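Beneath this line is the structure, given in structure tokens, with notes to follow.
Just so it is clear, none of the values below were taken in a lab; they were calculated from the coordinates. Note that the structure is a prediction, hence the values are computed from the model and not measured. Ideal geometry is used to build each Cβ from the backbone, glycine not excepted, and the neighbour counts take in all protein chains shown.
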Amino acid sequence: MKILVINGPNLNMLGIREPKHYGKETFEELCSRIERKGADIGSEIVQYQSNHEGDLVDKIQEAYFTGVDGIVINPGAYTHTSIALRDALSSVQIPAVEVHISDVDSREDFRKISYIRDICVKTISGHGTDGYLEAIDFLLEGYKK
Ligand code: DQA
């Protein structure tokens, strides 16, 4: 199974940005943890982070042509604004899990709006960075059927 893990804007600042919401683990540490998870479960995991909306759209489109079986996506602030990301995910029809490190539903009202939630197979919010690993497990389960 090939899984693409996508992180949107400012997630590269993990460990520095607002530890009260996002914890102290650095982005590099998280990426290493995800990489180890891939090795443990014997799956190819490709990771991508960008601060630019169009680049994220490009990566989702590329997933269609490179045989990605599942997407784990934390679009950061684009969650609450981006019809382009939603349309990209709808276009490729690859099962996607929406992940948020913080519990977006218990924060400001604008964070309660997600343009991708209803087209994702699952949302994991507020489980810290463990949410990414849970999302990978969820996709893996789906493929065992
Ligand atoms: C986030 C929540 C978003 O509201 C915020 O803009 C982020 C991170 C999260 O992981 O909790 O950048 O997606």
D109 and E35 label points (each 7 Å along its Cα→Cβ direction) are spaced in nm at 4.4
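I'd like to know how the chain sits against the 2.2 N^0.38 Å rule of thumb: what's its Cα Rg over that expected value?
Values: Rg = 14.0 Å, N = 145, 2.2 N^0.38 = 14.6 Å.
Working it through for the chain, the quotient is 0.96.
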If one builds a Gaussian network model of the chain from Cα atoms under 10 Å apart, the most fluctuating residue listed among D118, D109, D55 is D109
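So how do V104, V92 line up by other beta-carbon neighbours within 10 Å, fewest first? Please report the intermediate quantities before stating the final value.
On the way: V104 21, V92 16.
Least to most surrounded, the residues fall as V92, V104.
Rounded, prolate or oblate: which fits the stretch 41-107, taking a ≥ b ≥ c as square roots of the Cα gyration tensor eigenvalues, rounded meaning a/c under 1.5, else prolate when a/b beats b/c?
oblate
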In debye to the nearest 20, the charge dipole size for the chain, taken about the Cα centre with +1 at each Lys and Arg Cβ and -1 at each Asp and Glu Cβ, equals 160
Asserting the computed 222 nm helical MRE of the chain (DSSP H runs at least 4 long, -39500 (n - 2.57) per run, divided by residue count, to nearest 500) equals -12000 deg cm²/dmol
When the charge dipole of the stretch 2-141 is computed with +1 on Lys and Arg Cβ and -1 on Asp and Glu Cβ about the Cα centre, the Cα farthest towards its positive end, among H21, T79, Q61, belongs to H21
